[in-house]
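A.B. asks: First the structure, which I've put down as structure tokens, then a few questions once you've had a look.
The values are calculated or read from the model by the stated rules, or taken from the named source; none is laboratory data. Since we're looking at a predicted model, the values are computed, not measured. All Cβ positions, glycine included, derive from the backbone under ideal geometry; neighbour counts span all protein chains shown. Keep in mind that these areas ignore ligands, DNA and RNA; they rest on the heavy atoms of the full protein, side chains included. Shrake-Rupley method; radii C 1.70, N 1.55, O 1.52, S 1.80 Å.
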Amino acid sequence: MRPILLFLLLALPVASADGKLPLKPLPKGKVAMVIQPHHDDHTTDYGMGGLIARFVDEGYDVYYVRASNDEKDGPHGYPRNDMVNYREAVAAAKVLGMKKVISLNWRNDYMNPIPLNELRNQIILLIRKYKPDVVIGHNPWEHYQKNPDHRNVGRAMAEAWWMAGLDNVLPEHKLLGMEPHQAWYLYGKARLDWGLGQRPNIAVELNAEQVRRKQTAYETHRNVYANPASARAYKAALARENLHVPEWENIDDQTAAVMMEEWHMDWISRQRGAQAGVRYAEDYYFLDEFDYLPGLQDYLAREVKRR
Amino acid sequence: MFLLSALGIAAAQQPVVLVVTADAPDYVLAAGGTIAGMAATGAAVHLVRVTNDEKDSWKLSPEETIRRATEESLAAAKILGVRDVHALGYRGYDLGGVSFTEIRDRLIFLIRHYKPTVMFIPNPYTEFDRVVDRFYTGRAAEDAWRAAALENYQPPYADAGMRPHLTPELYYYAQPHDPYRREPESTATFVPQPKFVDIAAQLDRKIRAAQAFSTSNENMARRLAERLASTGRTLPLLATVNDGSIAKLVEENVRGLAAVNAKETPHRAAEEFRYAGVEFRIPRKYRSAR
Ligand SMILES: [Zn+2]
């Protein structure tokens, strides 16, 4: 066999020998920061709501940085969408147990041409203030990511995450007593239904209560989800085929829409769980503390000692 | 052969190599052995250093960091046999704020001036590399490679006597972060392919070149030691951080990289690339034997 064919076989599985994604315990720490463009990115189906709930349950303080103003999401026109989506984001964050929502208010879906270093510098300031051990957000290397906000906020986060620890980055912050601080772990999320998305390297196990909170947080975004019109549309489509959903008899469209979202969230949490051999999970591309030094991985694993 | 000579590739010609690096140590760590090997067999190697590395130091001002990084990058280049270093001088880790076309067009200038037969550029498609400058540089360099050959790009350069130039061989380099880096995404006709270079004979030279970056190496070592100390761990080598222990850590890093890249290859020490050679530009069926 030529070496190149051998590589093909060896390169494919990130999963462990039994073909399952490895379950990764949460790193030790106190603070996690979710950095994402939109009000709902942390509650949607492909993460990160369950992970956030688990961080909270394990004693972390979790902060949520919302980079855009979400003016495009919803039926009310720009200013009102912004206000409603912000209010719902605060409510959803509370369901998951997060401490605070910090809005940067860049213009929604116009983040492609923004000066990226300015966004990055805002994130660096917040990292130095809140001192996260972990950051969570869109994987900036995700394939087929169509939303420019997801891509750009991901890139700014990928730099801010470690650059906040450098002395020569924004030294004026010292005037406020803010010292350089580096977050050492990164969880990247990506949709897995748009082409390749990302190839996750870990799964995070969730319990039923964490999945339930993720469902509730998701439904809290009434401006864009759990919309009665979506239940009406499904009912009509099924009726054309002479089909119906027994659970939907005698309930209103709003309740039916919520129920549909819950089924979907339960389904996807089980799908991810099955990949890792547990009931419920989310999967991520996880960057560990010394992954930036690929040449020293084996050496550090061998030589580093507990004191 | 006809097609090859039409493209200006004379078989006997000594290679001219143009290396593009974002931060000064990037190309040494990812491609230094291969480049040293080419220089040792007579290639003329030119280096373009895109950033000034101003933030890659431990407790030094940006000004002092820039001064040292400049000296150290010249020293490393000399060890590898690189003839000259062109510094574009952009602020390190800030390329997200620099115009893509500005970087590209400056690279086109240098490509048309040096007329390389081989280029080394950062791989902008590698995944999970937290230094995004490498992505911005790689993307601009890839487009410079393409556009340098096209006459409608930068007409003023033609007025200054520079002709369009096609570089026949292109190496995309990266440190081995990406777990899928060895997976060809398509055939060589459209997509650069994985390529492995044996660097056993150049490994010592590569180690010395990497060690020349004392300033960024100290930063790496002290940050690592500080992180370990703050989490109740220790690395015996860094019990005392000094020139000797830093040099040893760098040696371990370069040997570790060579070993990771050599895994499952016939080599003892290797570098991996995505390689776009003649197959990439001219499918085999359109090429004639002599
Ligand atoms: Zn979004």
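A.B. asks: Cut-off under 22 Å on the C-alpha distance; same-chain residues fewer than 8 positions from A:Lys28 excluded. Which lysines are left, in chain and number order?
C.D. replies: Within reach: A:Lys99, A:Lys100, A:Lys129, A:Lys131, A:Lys189, A:Lys305.
A.B. asks: Another one. Rounded to the nearest 5, what % of the DSSP beta bridges within region A:3-289 are antiparallel ones?
C.D. replies: Bridges in region A:3-289 are about 30 percent antiparallel.
A.B. asks: OK, next. Averaging over every viewing direction, what projected area does the convex hull of the Cα atoms of region B:2-286 cover, in nm²?
C.D. replies: Seen from a random direction, the Cα hull of region B:2-286 projects 16.3 nm² on average.
A.B. asks: How fast does region A:255-303 diffuse by Stokes-Einstein, in µm²/s, taking the Kirkwood radius from C-alpha pairs at 20 °C and 1.002 mPa s?
C.D. replies: 156 µm²/s
A.B. asks: Relative to the compact globular guide of 2.2 N^0.38 Å, what is the alpha carbon radius of gyration of region A:168-307, as a ratio?
C.D. replies: Here the Cα radius of gyration is 1.57 times the empirical estimate.
A.B. asks: Might you work out the accessible area of A:Leu116 for me, using a 1.4 Å probe with all protein chains in place, and round it to the nearest 10 Å²?
C.D. replies: 20 Å²
A.B. asks: What does the charge count near A:Leu26 come to, summing +1 for each Lys or Arg and -1 for each Asp or Glu among other residues with Cβ under 14 Å from its Cβ?
C.D. replies: Residues close to A:Leu26 contribute a combined charge of -4.
A.B. asks: Let me ask you something else. How do A:Trp161, A:Trp106 stack up against each other in accessible area, from largest to smallest, with a 1.4 angstrom probe?
C.D. replies: Largest accessible area first, the residues go A:Trp106, A:Trp161.
A.B. asks: Also, quick follow-up: Please build a GNM for chain A, connecting alpha carbons under 10 Å apart, and tell me which residue among A:Val211, A:Val134, A:Val84 fluctuates the most.
C.D. replies: Sorting by GNM fluctuation, first place goes to A:Val84.
A.B. asks: If you don't mind, there's one more thing I want to ask. Out of all DSSP beta bridges with both ends in the protein assembly as shown, state the antiparallel percent to the nearest 5.
C.D. replies: 35 percent
A.B. asks: Right, here's the next one. Leaving out same-chain residues fewer than 8 places away, which aspartates and glutamates sit with a Cα under 13 Å from that of B:Lys115?
C.D. replies: B:Glu169
A.B. asks: Taking only protein heavy atoms and a 1.4 Å probe, what accessible area per residue, in Å², does region B:2-286 have with all protein chains in place?
C.D. replies: 40 Å²
A.B. asks: How shielded is B:125-136 by partner chains, expressed as the average number of their Cβ atoms within 10 Å of its Cβ atoms?
C.D. replies: 5
A.B. asks: Another question, then. Using 7 Å Cα-to-Cβ label points, what is the B:Lys285/B:Glu183 separation (nm, one decimal)?
C.D. replies: Taking the two extended label points, one gets 2.8 nm.
A.B. asks: Cα atoms only: what Rg and Dmax, in Å, come out for region A:82-142?
C.D. replies: Calculated on Cα positions, Rg and Dmax stand at 13.3, 34 Å.
A.B. asks: Further, regarding this structure: Do you know the relative contact order of chain B, to the nearest whole percent, from alpha carbon pairs under 8 angstrom that are 6+ apart?
C.D. replies: That works out to 24 percent.
A.B. asks: Helix check for chain A. Which DSSP H runs span at least 15 Å along their own axis by Cα, with a mean Kyte-Doolittle hydropathy no less than 0.0?
C.D. replies: Span-like helices in chain A: A:116-130.
A.B. asks: Let me ask another. Would you mind giving the mean number of other chain beta-carbons within 10 Å of the Cβ of each residue in A:168-174, as a whole number?
C.D. replies: 3
A.B. asks: Then there's this: Give the B-A buried accessible area in Å², both sides summed, 1.4 Å probe, nearest 100.
C.D. replies: Adding both sides of the contact gives about 4800 Å².
A.B. asks: If you don't mind, another one. Sum up the charges of everything whose Cβ sits under 12 Å from the Cβ of A:Lys94, counting Lys and Arg as +1 and Asp and Glu as -1, but leave A:Lys94 out.
C.D. replies: Overall, the nearby charge balance is +3.
A.B. asks: Taking each residue of A:284-294 in turn, how many C-beta atoms of other protein chains fall within 10 Å of its C-beta, and what is the average?
C.D. replies: Going residue by residue through A:284-294 and averaging, the value is 4.
A.B. asks: Using only the alpha-carbon atoms, how far is helix B:132-147 inclined from the longest principal axis of chain B? Give it as 0 to 90 degrees, nearest 10.
C.D. replies: 10 degrees
A.B. asks: Place a point 7 Å from Cα of B:Glu264 in the direction of its Cβ. Which residues in region B:182-198 have their backbone N less than 11 Å from it?
C.D. replies: B:182-184
A.B. asks: Return the distance in nm (one decimal) between the two label points of a simple spin-label model at B:Arg227 and A:Glu249, each offset 7 Å from Cα along Cα→Cβ.
C.D. replies: Inter-label distance under the simple model: 6.0 nm.
A.B. asks: Follow-up. D for the protein assembly as shown, whole µm²/s, Stokes-Einstein with Kirkwood Rh over alpha-carbon pairs at 20 °C and 1.002 mPa s: what number?
C.D. replies: 82 µm²/s
A.B. asks: Right, another one. With both partners inside chain B, how many of the DSSP beta bridges are antiparallel, as a percent to the nearest 5?
C.D. replies: Taking every DSSP beta bridge with both residues in chain B, the antiparallel ones total about 35 percent.
A.B. asks: Summing Lys, Arg as +1 and Asp, Glu as -1, what charge do residues with Cβ under 14 Å from the Cβ of A:Asp73 carry, A:Asp73 excluded?
C.D. replies: -2
A.B. asks: For B:Asp133, A:Asp298, B:Asp159, give me the order by solvent-accessible area with a 1.4 Å probe, most accessible first, ignoring ligands, DNA and RNA.
C.D. replies: From most accessible down to least: B:Asp159, A:Asp298, B:Asp133.
A.B. asks: What does the accessible area of B:Thr65 come to, in Å² to the nearest 10, when a probe of 1.4 Å is used?
C.D. replies: For B:Thr65, the solvent-accessible surface is approximately 0 Å².
A.B. asks: Please express the Cα-Cα pair-distance distribution P(r) of chain A as a list of whole percents, one per 10 Å bin, running from 0 to the bin with the greatest distance.
C.D. replies: Per 10 Å bin, starting at zero, the Cα-Cα P(r) for chain A comes out as 6, 24, 33, 23, 10, 4, 1 percent.
A.B. asks: What residue among A:Asn139, A:Asn250, A:Asn223 shows peak mean-square fluctuation when chain A is described by a Gaussian network model with Cα springs under 10 Å?
C.D. replies: Highest fluctuation of the listed residues: A:Asn250.
A.B. asks: Which value, in Å² rounded to 10, gives the accessible area of A:Lys24 with a 1.4 Å probe and all protein chains present?
C.D. replies: Roughly 60 Å² of A:Lys24 is accessible to a 1.4 Å probe.
A.B. asks: Give the aspartates and glutamates reachable from B:Lys55 as a straight Cα distance under 15 Å; neighbours fewer than 8 places away on the same chain don't count.
C.D. replies: Leaving aside aspartates and glutamates fewer than 8 places away in the same chain, those within reach of B:Lys55 are A:Glu159, A:Asp167, A:Glu172, B:Asp23, B:Asp26, B:Glu63, B:Glu64, B:Glu72, B:Asp94, B:Asp133, B:Glu218.
A.B. asks: Calculate the translational D of region A:103-260 in whole µm² s⁻¹ from Stokes-Einstein, where the hydrodynamic radius comes from the Kirkwood formula applied to all Cα pairs, the temperature is 25 °C and the viscosity 0.890 mPa s.
C.D. replies: The estimated diffusion coefficient comes to 129 µm²/s.
A.B. asks: Sticking with this one: So what's the angle, to the nearest 10 degrees on a 0 to 90 scale, between helix B:100-114 and the longest Cα principal axis of chain B?
C.D. replies: It works out to around 70 degrees.
A.B. asks: Also, quick follow-up: Rounded to the nearest 0.05, what FRET efficiency do B:Arg146 and A:Arg279 give with R0 = 60 Å and r taken as the Cβ-Cβ distance? Could you check?
C.D. replies: E(calc), rounded to 0.05, equals 0.75.
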